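Novice: I'd like to ask you about the structure that follows.
No lab work stands behind these numbers, since they all come straight from the coordinates. Since this is a predicted model, take the numbers as computed values, not measurements. Here the Cβ positions follow ideal geometry from the backbone for every residue, glycine too, while neighbour counts run over all protein chains shown.
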Amino acid sequence: MIRNRATKDLEKLARAFKALSNPNRLAIYLEVLHQYRTEMKSCGLAHLIDSLDIGAPTISHHTKELVDAGLISVQRDGRFIRCTLSESMRAHLSAFFGRAPNEKE
C-alpha cells in the first residue's frame, strides 16, 4: 500500500516536472506563482500574454498543459480566463524539494 502511494506521488511529480521542463510553461507557472503571492491570488491570460510576450495561442496551449499536470487551474468569467495556482501541488513540490536527500518517505 505504501509503495503504491509512493508510486502515485512519483507519477504526479513526474507529470509536473515534464510540464515545467518547457521554458514557456515554466515562465507561465512562475508568473502565476508570483501573482498567487500578491493580493490578486490569480492571473488573467491577458496579463500573461502582455507580461511574457508570448502569443495567445501559445499561452492557451501551455496553460492547458499546466492544468493537465495539476499545477494550475483555470476559471472562465465571461470572456476572461483566470489562472490560479494549485495549492496542493505547490505543497507537494515544496515537500519534495524540502526533503533531505537521505530522508526516507
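Novice: With the convex hull built on the Cα atoms of the chain, state its orientation-averaged projected area in nm².
Specialist: Hull-based average projected area comes out at 7.6 nm².
Novice: Run lengths n ≥ 4 of DSSP H only: what is the helix-derived mean residue ellipticity at 222 nm for the chain, with -39500 (n - 2.57) per run over all residues, to the nearest 500?
Specialist: Calculated at 222 nm, the ellipticity per residue is -20000 deg cm²/dmol.
Novice: Return a single number: how many Lys pairs in the chain, at a sequence separation of 8 or more or on separate chains, have alpha-carbon atoms below 22 angstrom apart.
Specialist: 7
Novice: Label-point separation (nm) for residue 50 and residue 24, each offset 7 Å from Cα along Cα-to-Cβ?
Specialist: 2.1 nm
Novice: Label residue 84 and residue 60 with points 7 Å out from Cα along Cα→Cβ: what is the distance between them in nm?
Specialist: 2.3 nm
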